[in-house]
Each structure stands twice: as structure tokens, then as C-alpha cells.
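Chemist: After the C-alpha cells below, expect a handful of questions from me.
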Amino acid sequence: GKEIKEIFSRINKIKLSNTASKLFEKTILSFAYPPKGMNEKEFINFKINWMIKNKKIDLIEKFLKQNNTFPDKKRLIQYLVDHNIAKANIKEGCQKINFLDKSISDSYLEKFKIYCLIFNNKKNEARLQLDILKEEQQSDNFFEDKINFLLGVTNKTTKKVKEDNLLNFYLASVTIKNFEFEPNQNTKQIIWEYLNAANLIRLDDLLRCWIFDFQP
């Protein structure tokens, strides 16, 4: 276990060639059981952290397909979901939510699943899932306001924009008429990615943040 930790630590500090990277991928995926001195959750987290850090999207999907149950599975699913939202590719993101199963309880993923039902014109099912989420006390006023507006239950929605996570920001962007947002140096990188993919970045926003980044 100690040797594995040292290996991951060294690997994370260098840039691997394509050949070395592929060899490392095959190696870490070939070991199903943790070494002595390391529990399963810790071993899995080393793999998960490396795949996310190196943005191994294809490898993450392969890992999810090959492993039905493992610790922190929801973190990999959310990474795939956010990756596709950030690219403004909601259709693809909604396909990734299929990795979610009944063994996982996560309000963020359940919320996105409800949005996907609306996106795929399954509003009755979305209403049912929203009621379940509320009964389980995993919902919140902001999310319910946006979903009810998208369902047509209400004809008004809050103009508030939440940046605490990408899903809330995305919901604001698709429900607020003539949506405008002024990013700054504190805006999360993943929100910048979405703004760019959705063509919501203005030139003056870019210039302003460039000035913030290069101030002496």
C-alpha cells in the first residue's frame, strides 16, 4: 500500500507520454483488489482522483461500465455530468445520468435527472420524481422554482443566479429571459467553460478578467 501511494504521488508530478499513460491506465484498471495496507475505498479514490485530474473521460466511462458498485461512484458520475453541461451538451449529459442506480443517494444527480426528464419531454415523470425528492428533503426552493417554471406550473421564475454549482447556474441561464452574467476573477473555471460553450461570454468580460489576472 505504501509503495502504491508513492507511485501515484510521483506519477501526479510528471507528464506522461501517450504510451506511458496508456500503460499506466491498463495497470491501475487491472488490479481489482487493494494491496496490503490500503482499504478498498482508499485504493478506488487514488484511481478516481487520477482519472479526474487527467480528464480521462473515456476511461471514466469504461470504469463505470465495468464496475457496478464501488465507493464514491457518484463523484465520477457527477464529473461526467458536469463535463457535458460545461460543454453545453445536455443531451450527452443526460445519457451519462443512466449510470445512476438505486444504490446511490445524491441530491445533485437526482436534480439533474429530473431536469433531463423535462429535457426529454417526460414532464409527468419529472413531476413525480420532484415530489419524491421533496418528500426525502433533498430539494430546495431555488431548484423547485426553476423546475416548476420549466414544467409550466408557474409562469414566473426568480431572477437570482446561483454559482454554488454548475447545475444551478445552468438552470438560471435557461430560465431567465435575456440572461446576462458578469463573471469575475472568482468565477469558477467550470462556469467559464459553460459560458464559453453556450456563447454567453462578452468581449468586455474577457478583457476585464485578463486585467484582473495580470495585475502586478
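Chemist: Tell me the residue from LYS111, LYS65, LYS123 that is open to solvent by 20 Å² or more (accessible area, probe 1.4 Å), charged (D, E, K, R) and touching a residue at least 40 places away in the same chain (Cβ under 8 Å), please.
Modeler: LYS111
Chemist: Are any residues in the stretch 1-17 within 24 Å of the chain's Cα centre (by Cα) and among the hydrophobic types (A, V, I, L, M, F, W, C), and if so, which ones?
Modeler: Scanning the stretch 1-17 gives a single hit, PHE8.
Chemist: Return the residues of the stretch 15-45 that are more than 20 Å from GLU61 (Cα to Cα), aliphatic (A, V, I, L, M) and modelled with pLDDT of 85 or more; say none if nothing qualifies.
Modeler: Result: ALA20, MET38.
Chemist: How about the stretch 66-99: which of its residues are modelled with pLDDT under 90 and either assigned to a helix (DSSP H, G or I) or of a type in the set (A, V, I, L, M, F, W, C) (or both)?
Modeler: Answer for the stretch 66-99, where residues must be modelled with pLDDT under 90 and either assigned to a helix (DSSP H, G or I) or of a type in the set (A, V, I, L, M, F, W, C) (or both): GLN66, PHE70.
This table checks each residue for (1) open to solvent by less than 100 Å² (accessible area, probe 1.4 Å); (2) within 25 Å of the chain's Cα centre (by Cα); (3) polar (S, T, N, Q).
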position	(1), (2), (3)
THR19	no, no, yes
PHE24	yes, yes, no
LYS36	no, no, no
ILE44	yes, yes, no
MET51	yes, yes, no
ILE57	yes, yes, no
THR69	no, yes, yes
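Chemist: Of the residues that sit in the stretch 77-108 and are touching a residue at least 24 places away in the same chain (Cβ under 8 Å) and of a type in the set (Val, Ile, Thr), which one is surrounded by the fewest Cβ atoms within 10 Å (Cβ to Cβ)?
Modeler: Filtering the stretch 77-108 for residues that are touching a residue at least 24 places away in the same chain (Cβ under 8 Å) and of a type in the set (Val, Ile, Thr), the one surrounded by the fewest Cβ atoms within 10 Å (Cβ to Cβ) comes out as ILE104.
Chemist: So, one more: Could you check the stretch 129-216 for helices (runs of 4 or more DSSP H) lying wholly inside it with 1 or more residues that are modelled with pLDDT under 95?
Modeler: In the stretch 129-216, the matching helices (runs of 4 or more DSSP H) lie at 189-197, 203-213.
Chemist: Still on this structure, please answer the following. Taking into account only those residues within the stretch 144-173 that are open to solvent by 50 Å² or more (accessible area, probe 1.4 Å) and among the acidic types (Asp, Glu), which is farthest from ASP106 (Cα to Cα)?
Modeler: Ranking the candidates gives GLU163 first.
Chemist: Residue by residue through the stretch 174-196, note down the ones that are open to solvent by less than 40 Å² (accessible area, probe 1.4 Å) and touching a Leu at 6+ places or on another chain (Cβ under 9 Å).
Modeler: THR175, PHE179, PHE181, PRO183, THR187, ILE191, TYR194
Chemist: Further, regarding this structure: For the subset of the stretch 158-175 comprising residues that are over 16 Å from the mean Cα position of the chain (by Cα) and among the polar types (S, T, N, Q), which member is farthest from TRP192 (Cα to Cα)?
Modeler: This residue is THR158.
Chemist: Yes or no: GLU6 open to solvent by 20 Å² or more (accessible area, probe 1.4 Å) and closer than 30 Å to LYS113 by Cα?
Modeler: Considered against the rule, which asks whether it is open to solvent by 20 Å² or more (accessible area, probe 1.4 Å) and closer than 30 Å to LYS113 by Cα, GLU6 comes out as no.
The values are calculated or read from the model by the stated rules, or taken from the named source; none is laboratory data. Remember, it's a predicted structure, so these values are computed and weren't measured experimentally. Methodologically, a virtual Cβ is constructed for each residue, glycine included, from the backbone with ideal geometry; neighbour enumeration extends over all protein chains shown. Side chains included, ligands, DNA and RNA excluded: accessible areas come from the protein's heavy atoms. Shrake-Rupley method; radii C 1.70, N 1.55, O 1.52, S 1.80 Å.
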